[in-house]
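First the structure, in the form of structure tokens, and then the observations on it.
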């Protein structure tokens, strides 16, 4: 088991805010990640998508796509803005999936979690992401759904305090790892 290569999971946080609840949720996932896997959080501060640049990708976009392509799975922690996917996350997805025929997200197992100060915990952003996953031919984990409602009560002082949420994040990681293995995405 020691010589076995760890599963590589790329983490994407759909918020640029320094103290984002979703950034804290992703940090907790890194801590909870089983020993057989590792999570590398990628920055998504990329230039605005411009189809005119598809044949000459900016170097930060090339690096971003390479990291995704080499990953066994993807974990997304996202905010919800205006009932949907944050623009910065959608921008990163657009770059990662373009140009046509060079979709670095294709076939990737993906899990989504979200945190919001509202009652629905980012549910609408998650559902919109799932619609995008269909077109990109990604393979989402269906359960458990991790939607952290009233996040300001569960995340305090930059730390996830809620034990039930920690358990759900752990279950989601276990499900993502099992799903990636089932799909044959673990190159280890």
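Give me the percent relative contact order of the chain, please, defined on Cα pairs under 8 angstrom at least 6 residues apart.
26 percent
Taking R0 as 22 Å, what FRET efficiency do you get between residue 127 and residue 6 from their Cβ-Cβ distance, rounded to the nearest 0.05?
Efficiency, rounded to the nearest 0.05: 0.10.
Say R0 is 30 Å: what FRET efficiency, to the nearest 0.05, do residue 161 and residue 40 get from their beta-carbon distance?
0.75
What distance in nm separates the two pseudo spin-label positions at residue 100 and residue 70, each 7 Å out from Cα along the beta-carbon direction?
3.0 nm
Among DSSP beta bridges lying fully in the stretch 7-183, give the percent that are antiparallel, nearest 5.
The antiparallel proportion sits near 10 percent.
Does the stretch 72-111 classify as rounded, prolate or oblate by the C-alpha gyration tensor (a ≥ b ≥ c root eigenvalues; a/c under 1.5 gives rounded; else a/b over b/c gives prolate, otherwise oblate)?
It is oblate, given that a/c is not under 1.5 and a/b is not larger than b/c.
Just need the Rg to Rh number for the chain, please, alpha carbons only, Kirkwood Rh.
On the Cα set of the chain, Rg over Rh gives 0.95.
Since every read-out is calculated from the coordinates, none of them should be taken as a lab result. Remember, it's a predicted structure, so these values are computed and weren't measured experimentally. All Cβ positions, even for glycine, are placed from backbone atoms using ideal geometry, and neighbour counts span all protein chains on display.
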